[in-house]
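Reading through the structure tokens given below for one structure.
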Amino acid sequence: MDRKRVAFVLLALGSVTALWARNGDEPEVLVRLIDTYRVPQPLLFRAKDTAGQILASAGVHVRWGRMGSRPGAETMDVIDVRFAYSFPETYKPKALAEAFPFAGNGVRINIFFNRLASTIKLYELSAGSILGHVLAHEIGHVLLQEGSHAQTGLMKPYWTGLDYSGMVLKNLEFTAADANRIRINLVGRIPFQAAPRPSFGLAASAGSVRP
């Protein structure tokens, strides 16, 4: 592809994302939360609100569901998130969650809630916000379709104590480059209901945020 054509494509994509911003017509992603029975409901409510805000800042509307929730006609992707309570400490030590950004369907995010619970005990005022940031971080890997991390913001590989404490006051966000890449990945995608689904198999997981 020559430079003029590349420039035209980038200009067109920029126009589309600007149109989303003006009209509030963000692409919808259905996130289905599985096995949340041990997560306190106030904590989960705050987490969903926080993650939704963070994704909205990147131009994505999150619709929350549970096992069996069906995508709508305009849903661009469905991401299944499983809450796990007994992953051994030897499996990805210190990771709070993992994502499978290259999987086409099936569970694409695991939240290691037994580990996360230990972290949020240290930052009780930020507990729901911390879980929300973990959800948004892993959803970010899936929407970015890559396992790499950013140097700043939400997609850093490690968060500091100051990051955790500050989450209750101000959300960490995607970098401008990552937010733009997420929108580009969703531009022109066939809605989930109409898209052919690849068979699910093992896929490489992304590096995940750690305490």
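FYI, it's all coordinate maths here, none of it is from the lab. These figures come from a predicted structure and were not determined experimentally. As a convention, Cβ positions derive from the backbone with ideal geometry for all residues, glycine included, and neighbour counts pool all protein chains shown.
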### Counted charge near residue 85, where neighbours are those whose Cβ lies closer than 12 Å (Asp, Glu -1; Lys, Arg +1)
+2
### Message
At 1.567 mPa s and 4 °C, plugging the Kirkwood radius over alpha-carbon pairs of the range 93-132 into Stokes-Einstein gives what diffusion coefficient in µm²/s?
### Response
115 µm²/s
### Query
If each Cα of the range 40-126 is one equal point scatterer, what is log10 of I(q)/I(0) from the Debye formula at q = 0.16, 0.17 Å⁻¹?
-0.80, -0.90
#### Entry: Computed label-point distance, nm, for sites residue 121 and residue 105 using a 7 Å Cα→Cβ extension
4.0 nm
### Message
Restricting everything to alpha-carbon atoms, can you work out Rg to Rh for the range 3-186 with a Kirkwood hydrodynamic radius?
### Response
0.97
### Task
Please find the FRET efficiency linking residue 151 to residue 90, where r is the Cβ-Cβ separation and R0 is fixed at 35 Å, and quote it to the nearest 0.05.
0.75
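For residue 114 and residue 37 in one chain, what is 0.36 nm times their gap in residues minus the Cα-Cα distance, to one decimal in nm? Let's see the in-between values first.
Values: separation 77, 0.36 × 77 = 27.72 nm, distance 1.30 nm.
My answer for the length gained is 26.4 nm.
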### Summary
With T = 4 °C, eta = 1.567 mPa s and Kirkwood Rh from C-alpha pairs, the Stokes-Einstein D of the range 67-171 in µm²/s is about 88 µm²/s
